Amino acid sequence: MKFKSLKKAKVAQKSVLVRVDFNVPINQGQVVDDFRIKKTLPLIKYLKRQKVKRIILVSHLGQPKGKKQKQFSLKPIAIYLEQLLKEKIYFFPEKIGSSVLEKKLDGLCQGEICLLENIRYYPEEENNDDKFAQKLANLADIYINEAFSVSHRKSASLVAITKYLPAYPGFLFEEEIKNLNRFLKSKKRPKVIILGGAKAKDKLPLIKNFLSSADYFLVGGVMANTILKARNFEIGKSIYEKEVISEAKSINPQKGKLILPDDFKVLSRGKVESRKLEEIKPADIIFDIGQNSADFYEKIILQAKTIFWNGPMGKIEEPEFSLGTEKIKKAILKNKKDLTVIGGGDTISIFQGRLPKRNNLFFSTGGGATLAYLSGQNLAGVVALMAK
Ligand code: 3PG
């Protein structure tokens, strides 16, 4: 997979448009998790050192579906970025294609940075609209995709724009691809894939892609409930994903590869109880894997040489249901073998901002994008850059 190299590009005195993914949790105007924002800083700093004319940051936040809605404004992110970089970040909510925006951009001094308003306020973004992409491209001389984590979406600021500007991958984008490729190609066994949380629709294809090359799939969370339901086990009132039941039924790896929890922590008529799988009652709600399953998962993780993890094992917002996930986390950190890749917002949040820096331990900024890439899919935003 070959991309053009940004390091070889002449960017000095050029106006650079950088597509970032600042889709981060915000609560009452405050950034709750800045992992993705911080990961874009090396590129921004590099561009400044290269003396670019200006940096125009473009991002989405949430899914405003083509409509301007205040709760999806990127303004809090501009304020936050300003604190991180300790320099003025201009927030320009003016319409893309308007002369007001052009004037504001022209008014920026050498090397200054601005952030435009949520790109998904424009319906053209998610329609990958050519004319809109052209308008966006008119704002700059060079385009950089530093948003691997949204590159599974065929959107104007990720795909169509690459037709109108010299297009390069950013440093984080390349780092993501490099580590995910390492995981895909690694022959170091046992190879263990841990899948929890929900969105089984995005995770079942990953299982399919690794059926012959992974040794164990350790499953928890809503993902496990869904597979158990597909196999006709009683899961009481637990949440599961009805729409993927038939797909879940069709997954039949070699015996012993796909490991489901055999005990749980449940909420039963308002009380927290431990239950074996065969003891689950119609009124129970599964909220975590049980001690026995957690111990077994730990044993497998400690022996693994290559690990991928996406999704918690239970309802981690509540301490009594976070034990399974905590055990997995500790085992993963203890295992310092060949390669561990951890991805997905919920999974990263388990580390509460304390992400150990270590060779062979990679925290991916991608949730859906990482799952799609590891499932063997071609990501529209990745393909668009390769063609350049
Ligand atoms: C993500 O959070 O996975 C990316 O920002 C993509 O967001 P989306 O699922 O709303 O396209």
Look at K86 and say whether it is basic (K, R), away from the ligand (no atom under 16 Å from the Cβ), more than 23 Å from the chain's Cα centre (by Cα) and closer than 18 Å to Q28 by Cβ.
no
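Residue-by-condition table, conditions (1) within 14 Å of the ligand (Cβ to nearest atom); (2) of a type in the set (V, I, T); (3) in contact with a strand residue (DSSP E or B) (Cβ under 9 Å, 6 or more places away or on another chain); (4) modelled with pLDDT of 95 or more:
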| position | (1), (2), (3), (4) |
| --- | --- |
| F22 | yes, no, yes, yes |
| Q28 | no, no, no, no |
| V52 | no, yes, yes, yes |
| G97 | no, no, no, yes |
| K104 | no, no, yes, yes |
Inside the range 147-176, can you point out the residues that are closer than 19 Å to I342 by Cα, within 16 Å of the ligand (Cβ to nearest atom) and of a type outside the set (F, W, Y)?
A147, S149, V150, S151, H152, L172, E176
Would you confirm whether any residue within the range 32-41 is more than 16 Å from the ligand (Cβ to nearest atom) and either touching a strand residue (DSSP E or B) at 6+ places or on another chain (Cβ under 9 Å) or in a loop (DSSP other than H, G, I, E, B) (or both)?
no
Is it the case, given these coordinates, that P76 is away from the ligand (no atom under 13 Å from the Cβ), at pLDDT 95 or above and over 16 Å from K14 (Cβ atoms)?
yes
Residue count, the range 324-381, condition of a type outside the set (G, A, S), over 12 Å from L180 (Cα atoms) and within 14 Å of the ligand (Cβ to nearest atom), comes to 4
Scanning the range 297-308 residue by residue, those under 20 Å from K276 (Cβ atoms) and surrounded by fewer than 17 Cβ atoms within 10 Å (Cβ to Cβ) turn out to be K299
When you scan the range 376-388, do you find a residue that is small (G, A, S) and within 16 Å of V222 (Cα to Cα), even just one?
no
Among strands (runs of 3 or more DSSP E) lying entirely in the range 287-388, which contain 3 or more residues that are in contact with an Asp or Glu (Cβ under 9 Å, 6 or more places away or on another chain) and of a type in the set (A, V, I, L, M)?
none
Give me the pairs, please: first residue somewhere in the range 145-156 and at pLDDT 95 or above, second residue anywhere and away from the ligand (no atom under 11 Å from the Cβ) and acidic (D, E), beta-carbon distance under 7 Å, and either six or more positions apart or on two chains.
F148/E176; A156/E124; A156/D129
Within the set of pairs 6 or more residues apart or between chains, which connect a residue that is closer than 17 Å to P312 by Cα inside the range 351-372 to a residue that is more than 16 Å from the ligand (Cβ to nearest atom) and in a loop (DSSP other than H, G, I, E, B) with Cβ atoms less than 6 Å apart?
F363/L355
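Answer with yes or no whether G197 is in contact with a helix residue (DSSP H, G or I) (Cβ under 8 Å, 6 or more places away or on another chain) and crowded, with 20+ Cβ neighbours inside 10 Å.
It is true that G197 is in contact with a helix residue (DSSP H, G or I) (Cβ under 8 Å, 6 or more places away or on another chain) and crowded, with 20+ Cβ neighbours inside 10 Å.
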If you check S246, S238, S274, which single one turns out to be polar (S, T, N, Q) and buried (at least 17 other Cβ atoms within 10 Å of the Cβ)?
S238
Name the residues in the range 125-137 that are in contact (Cβ under 8 Å) with a residue 12 or more places away in the chain, of a type outside the set (A, V, I, L, M) and more than 16 Å from the ligand (Cβ to nearest atom), would you?
D129, D130, F132, Q134, K135
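The values are calculated or read from the model by the stated rules, or taken from the named source; none is laboratory data. Given the structure is predicted, the values throughout are model-derived calculations rather than measurements. All Cβ positions, glycine included, derive from the backbone under ideal geometry; neighbour counts span all protein chains shown.
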